[in-house]
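Below: the structure, in structure tokens.
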Amino acid sequence: MTSGPRDLDTVAGIVWGEEWNQWKRAQHRVELVLLGWVPVDLEETPPRQLIPDVAVSQVDSLFLTFHSDRKVAVLGGTRSSGKSTIVRGLAARLAEQGNPPVVRVIASRMHELPDPQIAYQVGKHALGMDQATPKQRRLLVLEDLYPVGNGDIDGVLNRLSDELGASILAVLHYDTNSANDWQTDHLNVITSVVGIAALKNFVEQAGAAHAHLDQAAALAELKKPNATRDLHRLIQIMVDPEAWSGETGVPSTAESALEAWYHSSTRPAGTWSPPPPRAASWAGD
């Protein structure tokens with residue numbers, strides 16, 4: 001029998017087996033949180049979900065992007081335009097493959113694109129939370145990024161993908177009032193459900209999938225000069241036009257993860273305050 005030098009990780013794996021691997025994955029989670037990010041549980045039912053997720057064309061576009069080779073892409077859109085819901089749909093579609101990739105979704109507490117060095121640390125710990133074979137494809141989704149700080153998302157994401165050997169999807173919040181512009185010239189950019197035409201298409205798709213919804217009421221709303229651009233509001237109208245009060249505040253999947261962390265006992269005091277409530281789409285941003 002031959003043996004060579006063994007590092008601490010190898011020896012610990014031999015001694016403690018799967019318990020060691022579980023401990024390492026838990027430590028990656030701790031380090032991820034310390035870097036300002038929290039994992040998003042895609043299996044968790046979004047709060048106050050009015051209807052099941054509706055299949056939209058953006059899911060198809062992203063599936064074509066990520067179903068085989070390593071790719072980098074951006075899903076961008078305004079507030080409450082279905083971004084988190086589209087991510088859930090993408091993960092579900094990829095899971096149906098014969099050899100599905102491991103998908104890990106994380107949300108930024110600071111909403112800021114990190115510099116390349118920090119981005120690598122974030123990605124390393126995020127992927128370290130999951131068990132995967134060396135040849136298994138990986139997809140890392142970076143949620144809840146706002147147009148603040150480093151705007152070179154093109155350079156950061158492509159470098160991160162190369163360093164991690166994984167596909168990357170960044171979910172960007174577009175704000176017309178922001179002074180910062182995202183640099184995405186060399187990225188595949190998919191826009192969420194934004195604009196009257198896209199909203200009308202969504203209403204029709206939702207109505208076709210769920211016959212009890214009142215399409216006519218939502219389409220009438222979209223004809224108004226100051227029509228809502230909020231998908232959750234549109235669904236509220238379709239579910240019960242008379243009861244709709246125009247209220248917002250349904251958190252996205254990413255925001256739910258952020259708020260859960262904020263209220264957890266593991267959060268260091270004074271490190272973060274949750275953003276103001278935001279309206280969501282089906283049940284996510």
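Looking at the structure I just gave you, is residue 204 at pLDDT 90 or above, of a type in the set (Asp, Glu), closer than 23 Å to residue 58 by Cα and under 16 Å from the mean Cα position of the chain (by Cα)? Judged against the criteria, residue 204 is not a match.
Just checking, does the range 212-222 include any residue being outside any helix (DSSP H, G or I), surrounded by fewer than 13 Cβ atoms within 10 Å (Cβ to Cβ), modelled with pLDDT of 90 or more and not basic (Lys, Arg)? Within the range 212-222 (the criterion being outside any helix (DSSP H, G or I), surrounded by fewer than 13 Cβ atoms within 10 Å (Cβ to Cβ), modelled with pLDDT of 90 or more and not basic (Lys, Arg)), the answer is yes, since at least one residue qualifies.
Residue 171 meets the conditions (1) within 24 Å of the chain's Cα centre (by Cα); (2) assigned to a loop (DSSP other than H, G, I, E, B); (3) aliphatic (A, V, I, L, M) in every case but one. The failed one is (2). Considering the range 138-156, and only residues there that are buried (at least 21 other Cβ atoms within 10 Å of the Cβ) and under 26 Å from residue 92 (Cβ atoms), the residue that is farthest from the chain's Cα centre (by Cα) turns out to be 153. Over 20 Å from residue 111 (Cβ atoms) and at pLDDT 90 or above: which single residue out of 193, 189, 171 fits that description? On inspection, the qualifying residue turns out to be 193.
Looking at the range 100-126 only, could you name the residues that are assigned to a helix (DSSP H, G or I) and under 17 Å from residue 147 (Cβ atoms)? Explain how you work it out, then say what you get.
If we filter the range 100-126 for residues that are assigned to a helix (DSSP H, G or I), which is where we start, we get 116-126.
Result: 119, single match.
For the range 67-86, check the following and say yes or no: at least one residue is buried (at least 21 other Cβ atoms within 10 Å of the Cβ), among the small types (Gly, Ala, Ser), free of Cβ contacts under 8 Å to residues at least 40 places away in the same chain and closer than 27 Å to residue 28 by Cβ. So far as the range 67-86 goes, no, none of its residues is buried (at least 21 other Cβ atoms within 10 Å of the Cβ), among the small types (Gly, Ala, Ser), free of Cβ contacts under 8 Å to residues at least 40 places away in the same chain and closer than 27 Å to residue 28 by Cβ.
The values are calculated or read from the model by the stated rules, or taken from the named source; none is laboratory data. Computed from a predicted structure; not experimentally measured. Because the Cβ atoms are built from the backbone with ideal geometry, glycine has one as well, and the counts that use them run over all protein chains shown.
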